[in-house]
Amino acid sequence: MTNLLTLTHVARQFGKEDNRFTALHDIDLEVNDGDTLAIVGPSGSGKSTLLSILGLLDRSYTGTYALKSTDVAALDSKQLAQLRNREIGWVFQNFNLINHLSVLHNVVLPMRYNSTIAKDTYQQRAMAVLEQVGLVDKAQAKPTELSGGQQQRVAIARALVNAPSLVLADEPTGNLDSATGAKITELLMSLAATGTTVILVTHDPVVAAACGKVLQLKDGSIVA
């Protein structure tokens, strides 16, 4: 397998001087193309902080983070935004869909910020990923007309439309019943077959068990 990302001695602190709090301690991590990785641990263990760093949303860390052999710290804000848009797809617990837009236009949205994708291919690409998640028939619906599981599938389609190398999911089944959550987990795990890497934060041991690897955090450190 080809290495996708590497973290070396990554630490993250919040606050100043006497109020300083260390959220992550000396994290070393390597993830390859096609890996499925669950990040688990109690509340306050650093899971969301680590996911934010992996997703290029937080740059205030020490240590090094290389994504596709690119040292993230060497990029300016514009380059970082381009890398995030082209290589990373996000799936959130609360879906984060835009309710006044149709399903189709929610999925199209990330492509509008990707200059490598021709405008005349937007609809074709969007419909292709909607077919992948089984929602072609809902393309013209509004998110508020869908069930929670359907909204999460739209969010996954939106995450996939730019063909990212890495999909990050933050508690992707947290707002779903167990049966629907199992279907969403199966869909996310199936992405690995295409070479897409999936890293998710979860409190659900069933979801974690579906992943090929599990990273356990406690008090900001890797314990297993």
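The values are calculated or read from the model by the stated rules, or taken from the named source; none is laboratory data. Note that the structure is a prediction, hence the values are computed from the model and not measured. Here Cβ is always computed from backbone atoms with ideal geometry, including for glycine, and neighbour counts include all displayed protein chains. The area values use the complete protein model at the heavy-atom level, side chains included, leaving out ligands, DNA and RNA. Shrake-Rupley method; radii C 1.70, N 1.55, O 1.52, S 1.80 Å.
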Task: Given (1) modelled with pLDDT of 95 or more; (2) out of contact with any Ser or Thr (no Cβ under 7 Å at 6 or more places or on another chain), number of the condition Thr8 does not satisfy - done: (2)
- [ ] Give me a count of the residues in region 126-143 that are free of Cβ contacts under 8 Å to residues at least 40 places away in the same chain and open to solvent by less than 80 Å² (accessible area, probe 1.4 Å).
- [x] 11
Open item on the list: Quick check on region 1-57: of everything there that is out of contact with any strand residue (DSSP E or B) (no Cβ under 8 Å at 6 or more places or on another chain) and not in a loop (DSSP other than H, G, I, E, B), which residue is nearest to Ile199 (Cα to Cα)?
Closed with: Ser52
TODO: Would you check which residues across region 91-114 are buried (at least 19 other Cβ atoms within 10 Å of the Cβ) and either in a loop (DSSP other than H, G, I, E, B) or over 18 Å from the mean Cα position of the chain (by Cα) (or both) and list them?
DONE: Phe95, Leu97, Val103, Leu104
Task: Qualifying residues in region 8-33 (those that are open to solvent by less than 50 Å² (accessible area, probe 1.4 Å) and within 25 Å of Gly174 (Cβ to Cβ)) - the one nearest to the chain's Cα centre (by Cα) - done: Val31
TODO: Output the residues belonging to region 177-224 that are among the small types (Gly, Ala, Ser) and more than 11 Å from Ala38 (Cα to Cα).
DONE: Ser178, Ala179, Gly181, Ala182, Ser190, Ala192, Ala193, Gly195, Gly220, Ser221, Ala224
TODO: Please work out if Leu146 is closer than 24 Å to Val108 by Cβ, open to solvent by less than 30 Å² (accessible area, probe 1.4 Å) and at pLDDT below 95.
DONE: no
- [ ] Can you work out which of the residues in region 61-85 that are small (Gly, Ala, Ser) and under 19 Å from Thr2 (Cβ atoms) is least open to solvent (accessible area, probe 1.4 Å)?
- [x] Ala66
Task: Meets criteria (closer than 30 Å to Ala208 by Cβ, hydrophobic (A, V, I, L, M, F, W, C) and in contact with a helix residue (DSSP H, G or I) (Cβ under 9 Å, 6 or more places away or on another chain)) for Ile117 - done: no
- [ ] Please state which one of Ile117, Ile88 is in contact with a Leu (Cβ under 7 Å, 6 or more places away or on another chain), among the aliphatic types (A, V, I, L, M) and crowded, with 16+ Cβ neighbours inside 10 Å.
- [x] Ile88
Open item on the list: Every residue in region 65-90 that is closer than 30 Å to Gly181 by Cα and not in a strand (DSSP E or B), please.
Closed with: Leu83, Arg84, Asn85, Arg86, Glu87
Task: Filtered residue count, region 191-215, keeping only those that are modelled with pLDDT of 95 or more, farther than 19 Å from Ala179 by Cβ and out of contact with any Asp or Glu (no Cβ under 9 Å at 6 or more places or on another chain) - done: 2
